[in-house]
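Only one structure is covered here, and it is reproduced in the block below.
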Amino acid sequence: MGYAIVERELLGTMRTGRAFALQVATSIAFAVLIVSRWPGNATVELSGAQAREVFRLFAYGLLAILLLLVPAFPATSIVNERKRGTLALLLTSPLPAWSVYAGKALGTLLFASLLLALSVPAATAAYAMGGISFTAEVLPLYAILGAVLVQYTALAMLASSCANSTDAALRSAYGLVLLLALVSLGPHYFLQGKPGVLPQIAEWLRCVSPVPAVMELAGHGDVGAFGLGAAAGTPGRFLIFAGVSIAACAVLTIARLNAFLLDRPRPQGIVTDDRSAAERWFRRCVFLVDPQRRKRGIGPLANPVMVKEFRTRRFGRFHWLLRLVAVSAIVSLLLTYAATSGTIDWGVETIGGMMVVLQVALIIVLTPSLGASLISAERESGGWELLRMTPLTAASILSGKLASVLSTLLLLMLATLPGYLVMIWIHPPLRWQVWQALICLGWMALLAMLLSAAVGSLCRRTAVATVVSYGLLGAGCLGTMLFWLGRGTSFSHSTVQSVLTVNPMAAALTIIAAPGFTAYTLAPANWWWMGGLCLACSAVLLVQTWRLTRPQ
């Protein structure tokens, strides 16, 4: 195997400042997790309930840290080689493709394993309190987390081999992690306890996520069990799926590591205006917006920076935006159908919760990759100097870039409105709740855009800015939900309410009266938090943009 590749990957990662910051932040997080629940009177309950609460908090915190940090480094390992031009040297070397893959994967895994090893002192402290079993709980927990480490590393490397840019690789990697870890829980959440084959399939599908396996080891049963008994053996099922997915991702990535990865010819294509009249008529019927048609010039009132952003990124091109909107609208219509045909079984509140989760997932997956690259990508490629030499003011540059992201987010949010309208038609008193939930989601979209843009203005590299943006948004919207999972056992009602106050998704779910959130009141306190955070991010963005546009 290419030990030189392992050494290069590991040492290259360890020498960066962000690697040191991740290790320090991880150590501090584990220390805070344990100290926050450590007995203050130097006594331990004989029943072991207090030790189990510490263990649950440790398990959920460690899982959240791995989900947020593991995909970052492997998602950029192969695509960065391609951008630097060194991938051709690796593929033409005497090393076989499997050796190149094993070297890069092992180097990334060794660094990620350091983050897992930093949790051992906290696990030892939790075990020292008594009440938990080392062989039945601690070791299985680390086995599951080790499988998560390897699985998401293999998944991120596959995304890196398929992507053409760093932000696309990170967006794909985090999107797949969100799909496997959270979205896969949805069918079982709504179909559990019902007869038929679909609930059984959904029960196996939930084992794709590591969350039920960790919850079973922590003694919490299952996600949204509603008092129903969950099937045992979830950790074993997850390990089986993890092993299969690791092998499949490794085989696919190794198969792609060949010379054809560097030389992928594309058809030259024909501009639509050069086709015959019949072909143009047919394409007008099939495509609402034809990507092969010649674009018009920039109008005198249009912001040229905004037009440039739309025309130079894939998800800025209008036909790609329409595809995203179409997919969102189709999902919204399917949920609308569920609301009209299954209102007695699920209820409009449950459907509303699904709509909120859908919009939040779209915002989390797309916004960091769009917003974090607004300034960092220009600085990395040298385009910022060209923008400075134009007669455009700093306000025009910044407003054009932010408008390109904001319009994309507005289109995605508007695509899911039909489901809300049908919900209001079914249950008219829900009208004010829907409007308040949309206010929460609007605050979240604005915060996600400003936070990503502010982080991007502070970073010189797009990959670093995108990873930091994903981590901050994931910690605020998904990491805080782990406290909700431990409500009533590890965390009191007041603790969960205080933590969820900064989570706009949780605020929208409480307003819509989704199952499990009716006992909390998060608005309008959450709106004040969102407003303050947006002002802080705007201040950072404005100051940094002013500093970057000053004469050198």
(message) Of the residues ALA143, ALA125, ALA168, ALA136, only one is buried (at least 19 other Cβ atoms within 10 Å of the Cβ) and either touching a residue at least 12 places away in the same chain (Cβ under 8 Å) or more than 22 Å from GLY471 (Cα to Cα) (or both); which?
(response) ALA168
(message) I'd like to know if region 376-393 contains one or more residues that are in contact (Cβ under 8 Å) with a residue 24 or more places away in the chain, hydroxyl-bearing (Ser, Thr, Tyr), more than 14 Å from LEU548 (Cβ to Cβ) and touching a helix residue (DSSP H, G or I) at 6+ places or on another chain (Cβ under 6 Å).
(response) no
(message) Considering only region 445-454, I want to know if a residue exists there that is modelled with pLDDT under 80, of a type in the set (A, V, I, L, M) and surrounded by fewer than 24 Cβ atoms within 10 Å (Cβ to Cβ).
(response) no
(message) Can you say whether MET444 is within 17 Å of ALA361 (Cβ to Cβ), out of contact with any strand residue (DSSP E or B) (no Cβ under 6 Å at 6 or more places or on another chain), in contact (Cβ under 8 Å) with a residue 60 or more places away in the chain and assigned to a helix (DSSP H, G or I), as far as the supplied structure shows?
(response) yes
(request) Determine if region 172-179 includes at least one residue that is more than 13 Å from LEU67 (Cβ to Cβ) and hydrophobic (A, V, I, L, M, F, W, C). (result) no
(request) State which residue pairs qualify: first residue free of Cβ contacts under 8 Å to residues at least 40 places away in the same chain and inside region 519-535, second residue surrounded by 14 or more Cβ atoms within 10 Å (Cβ to Cβ) and not in a helix (DSSP H, G or I) in any location, beta carbons under 6 Å apart, and separation of 6 or more residues or different chains. (result) LEU522/THR501; ALA525/THR501; TRP529/VAL502
(message) Can you tell me which of (1) more than 25 Å from VAL502 (Cβ to Cβ); (2) among the small types (Gly, Ala, Ser); (3) surrounded by fewer than 21 Cβ atoms within 10 Å (Cβ to Cβ) is the one GLY442 doesn't meet?
(response) (1)
(request) Quick one: which residue in THR350, THR336, THR390, THR340 is surrounded by fewer than 18 Cβ atoms within 10 Å (Cβ to Cβ), in the same structural domain as THR545 (by TED's automatic domain parsing) and modelled with pLDDT under 80? (result) THR340
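The values are calculated or read from the model by the stated rules, or taken from the named source; none is laboratory data. Everything numeric here is computed off the predicted structure, so don't read it as measured data. All Cβ positions, even for glycine, are placed from backbone atoms using ideal geometry, and neighbour counts span all protein chains on display.
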